[in-house]
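Here's the structure we're looking at; comments come further down.
The values are calculated or read from the model by the stated rules, or taken from the named source; none is laboratory data. Computed from a predicted structure; not experimentally measured. Here the Cβ is made from the backbone with ideal geometry for all residues, glycine too, and neighbour counts use every protein chain on show.
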Amino acid sequence: MKEHEEQLVGAICCEKIDSLLQQSDFVMVVVSLTPQTHKLIGKREMELMKPMATLINISRGCCLQMALKRHFYSNLGAVVDQEALVRALQAGVIRAAALDVTYPEPLPRLPSVFSSQKHAHDSAVRVPGALREAQQARRWQRLPPPGFHILDMEDQELPYVLIDCIGGKHGVYEDHVEFLKKHFCLITMKEYLENKKFLGEKITAIYMWYHKPVIDEELLQILPNLKVVANSGVGIDHLDLNLLSSFGVKVSNTPFVASMDTADLGMALMLASARRLVEGYQMAVSPDTEYFPADWLGVEVSGTTLGIIGMGTIGYKVAQRAKAFDMKILYHNRNQRNKEEESAVGAIYCKKIDDLLQQSDFVMLAVTLTPQTHKLIGKRELELMKPTATLINISRGLVVDQDALVEALQNKVIKAAALDVTYPEPLPRDHPLLKMKNVIITPHIGSATKETRRLMMKNMTESIEAALTGLPIPNEVLL
Amino acid sequence: MAEQELPGVLILDIGGTHGVLENLVAFLKKHFRLITMKEFLENKKEMSKKIQSVFMFECRPTIDRELLESLPNLKVIANSGVGVDHLDLKMISNFGVKVTNTPHAVADSTADIGMALMLASARRLVEGCQISISRDTKYFAVDWLGVEVTRATLGIIGMGNIGYKVAQRAKAFEMKILYHNRNQRKKEEEQAVGAHYCEKIEDLLQQSDFVMLVVNLTPETCKLIGKRELGLMKPTATLINISRGAVIDQDALVEALQKKVIMAAALDVTYPEPLPRDHPLLKLDNIIITPHIGTATVQAIRMMAEEAITNMLAVLNGQPIPSEVFPR
């Protein structure tokens, strides 16, 4: 723009798009579609945006035909990478999007784009005022262009979805029910058992909230129309995937939403352990405390070495956080990450787990539980660790040989442990780990925040709806 | 160099509950002749002339007029730690004695404790630990939840050395960072951590999910956070204090926590330390208190001693002093 034009509207030129993306609360795309602007806004650009930012597109969604079934997420001729946008909204990378243009137009009846909600009141598609009510009532209607895009799902009975129960110690959260009931006809286990014959045929999905309801062969046999099991959380080690597959039932989980909170908890455990926070609290409040002794010390986190075993989504987020504490970061993973990812967090690959164990002050487990990672950390591995080292587990209890851990802690082979996960959960009340001063245990709270649990619920809803409409399932777990 | 020729440094005691840690003593002995308070009092005449410096550890020994008058050759009081609110700087200056502190040694470990408290509070870590080991625990309730740190808003009050390190750490948690300070930082410094300046403390208080106090204790910052400020905070907000207990109006805090004006607090510092055992703060369930452990690590204690020694030697050798503190 010319200088006088800039001054007239008070506009500041950002020669690099990155600079604009990083500073804006609202990003509005107003380009013409050319080969240069095709997929101008993709995963990288969305990640540069502020997490509270909104993307607005009034340029072009697409202008080319494509085969809907095969290429639904295909990105021919679009300024915004729509597949990346859906993921970015699901994972909360950006707060919201407002689109006057999509590809194709109108979008097919795929709920995920429209119900992508980071916070309760934000929706992915804003339609002109008068029609918002219609959308919220979930009546979707195909209208010819130009201008308006609302989708209609007339005369469709809500799908029957089996849940364990509502409320109580392990049920679906009461404050999630309102949202769920807009999408599903919820059937509790109790209701189902009272009317097996009728409901058995109707149930097409199971909403598995914290491992309940329990799914066994017997249940699968009496739910002939079951299409999908949506699982809360990322771990699916409690499900028999082969069994479900043999019944033609698809499975989804929620791998991304919990990743930040779990990484946060890994950091919280590491800091609490190193600085003896729980012991310190007990001293601060104890009725017997008369003074704070000068020789009561913990150890530093800043500037020490963190070894991350399992550098997937969660492990990488731990690395990003640890870097800000000036930690030296080593990692061990099935595969090495690419150079850019490594240098972004300053992480050094240890092909041999032994190298990582020998050099780390803190060893953090962030793997998935598989037959290969079962008892990954046993007596041998614990002995390779420094006697001043701390083991932190935010993966699964079974990744650690628990008896070997008890022995290692008792014999001061390692200094301390901080565990969000054990086997079983909770541990028996007389278990030696519960009595050790150098152990802190939290009750599997890696993803236990209001925000994340709500996001999980919404992700599960999207997965179920996609499966039931025969479309690609977000977060599908493949064998 | 014979031991008698080393400059004398006064310390409270070696070891015990408040004395200088034994492993630091060896360190000090390389450069100084150590004189404990007991030795000094037993032989004031001889010792008083030898003492050229005081090494303050955990705010001890207490420096009063009487002590200063009995140390004619005292040149420097080197404090372990950065806060010097326990010292009467004007009075000490009138005796021609310099005061130094250790701003570099404390910064990382104190920033770490700030982050540790914020995370522990948000994720209810202490409560969680209690549930994990309690005899009565039969299962883990799935509706037991904390709040997110990632992407929440952190308001840092006091953006000095330590406050800035807190901002660096918080940025990695994708937090939105607001700060309030006597002076605004440079643009590059702000951008490096994505921090937004709030000239008015009210703006910071109203927008933050976590408010962290990282100021020095001065007459201006005493009771900086009182009933009014707590009332401006979100009812879902958490107050974290890693500065000094007196920065908060403690009675106002008790009331605010009891009435749920704010959601929670996490304090590494109180007034006094420890609190009286019947203090209402100890009975609340939405508070974490730690026993002033901001610099309580093996590494930080050693670094503080090193920094203090460097300061003392600089004063005694007439060289530029790395961290001198001046009366206001």
* Structure fact -> Checked against (1) touching a helix residue (DSSP H, G or I) at 6+ places or on another chain (Cβ under 9 Å); (2) within 14 Å of another protein chain (Cβ to nearest Cβ), residue B:72 satisfies every condition except (2)
* Mind listing whichever residues of segment A:78-135 are of a type outside the set (Lys, Arg), in contact with a strand residue (DSSP E or B) (Cβ under 7 Å, 6 or more places away or on another chain) and at pLDDT 50 or above? => A:79, A:80, A:81, A:85, A:89, A:94, A:96, A:97, A:98, A:99, A:100, A:101
* To do: Return yes when residue B:221 is within 14 Å of chain A (Cβ to nearest Cβ) and at pLDDT 95 or above and no when it is not.
  => no
* To do: Answer yes or no as to whether residue B:38 is among the basic types (Lys, Arg), in a helix (DSSP H, G or I) and closer than 28 Å to residue B:269 by Cβ.
  => no
* Would you mind telling me which numbered condition in (1) at the interface with chain B (Cβ under 7 Å from one of its Cβ atoms); (2) more than 22 Å from the chain's Cα centre (by Cα) residue A:243 fails? => (1)
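Is it true that residue A:147 is within 25 Å of the chain's Cα centre (by Cα), loosely packed, with under 14 Cβ neighbours inside 10 Å and at pLDDT below 95? Steps first, answer last, please.
Values: within 25 Å of the chain's Cα centre (by Cα): no; loosely packed, with under 14 Cβ neighbours inside 10 Å: yes; at pLDDT below 95: yes.
No, not satisfied.
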* Taking residue A:179 and the conditions (1) at negative phi; (2) not in a helix (DSSP H, G or I), which numbered condition does it fall short on, given that it satisfies the others? -> (2)
* Residue list for segment A:420-443, restricted to those being closer than 15 Å to residue B:146 by Cβ and either modelled with pLDDT under 95 or over 18 Å from the mean Cα position of the chain (by Cα) (or both) -> A:442, A:443
* Which members of segment A:362-373 meet the condition of being closer than 22 Å to residue A:265 by Cα and over 20 Å from the mean Cα position of the chain (by Cα)? -> A:362, A:363, A:373
* In this structure, does residue A:294 turn out to be at pLDDT 95 or above and either within 10 Å of chain B (Cβ to nearest Cβ) or more than 27 Å from residue B:290 (Cβ to Cβ) (or both)? -> no
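Return the only residue of B:257, B:217 being touching a residue at least 40 places away in the same chain (Cβ under 8 Å), surrounded by fewer than 23 Cβ atoms within 10 Å (Cβ to Cβ), more than 19 Å from residue B:152 (Cβ to Cβ) and of a type in the set (A, V, I, L, M, F, W, C). Talk me through it step by step, then tell me what you get.
Details: B:257 fails: touching a residue at least 40 places away in the same chain (Cβ under 8 Å).
From the options B:257, B:217, the qualifying one is B:217.
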* Structure fact -> Listed by first then second residue, the pairs whose first member lies in segment A:412-426 and is facing chain B (nearest Cβ under 9 Å), whose partner is surrounded by fewer than 19 Cβ atoms within 10 Å (Cβ to Cβ) and among the basic types (Lys, Arg), with beta carbons under 9 Å and at least 6 positions apart or on separate chains, are A:426/B:138
* **One residue from B:178, B:119, B:87 being more than 14 Å from chain A (Cβ to nearest Cβ) and of a type in the set (A, V, I, L, M)** => B:87
* For segment A:321-330, does any single residue satisfy the condition of being within 25 Å of residue A:234 (Cα to Cα), assigned to a strand (DSSP E or B) and either among the hydrophobic types (A, V, I, L, M, F, W, C) or more than 11 Å from chain B (Cβ to nearest Cβ) (or both)? -> yes
* Of the numbered conditions (1) over 19 Å from residue B:126 (Cα atoms); (2) in a loop (DSSP other than H, G, I, E, B), residue B:313 satisfies every one except a single condition; which is it? -> (2)
* Asked: Does residue B:125 satisfy the condition of being over 30 Å from residue B:324 (Cβ atoms), in contact with a helix residue (DSSP H, G or I) (Cβ under 9 Å, 6 or more places away or on another chain) and surrounded by 24 or more Cβ atoms within 10 Å (Cβ to Cβ)?
  -> yes
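Yes/no per residue for (1) within 30 Å of residue A:211 (Cβ to Cβ); (2) at pLDDT 95 or above; (3) acidic (Asp, Glu); (4) buried (at least 24 other Cβ atoms within 10 Å of the Cβ):
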position	(1), (2), (3), (4)
B:138	yes, no, no, no
B:141	yes, no, no, no
B:147	yes, yes, no, no
B:154	no, yes, no, yes
B:158	no, yes, no, no
B:162	no, yes, no, yes
B:176	no, yes, no, no
B:182	no, no, no, no
* Mind listing just one residue for me: the one in segment A:254-290 that is closer than 30 Å to residue A:465 by Cα and buried (at least 24 other Cβ atoms within 10 Å of the Cβ) and, of those, farthest from the other protein chains (Cβ to nearest Cβ)? => A:254
* Asked: How many of the residues in segment B:265-310 are at the interface with another protein chain (Cβ under 7 Å from one of its Cβ atoms), within 30 Å of residue B:255 (Cβ to Cβ) and assigned to a helix (DSSP H, G or I)?
  -> 1
* residue A:368, sole failed condition from (1) at pLDDT 95 or above; (2) surrounded by 16 or more Cβ atoms within 10 Å (Cβ to Cβ); (3) more than 14 Å from chain B (Cβ to nearest Cβ) -> (1)
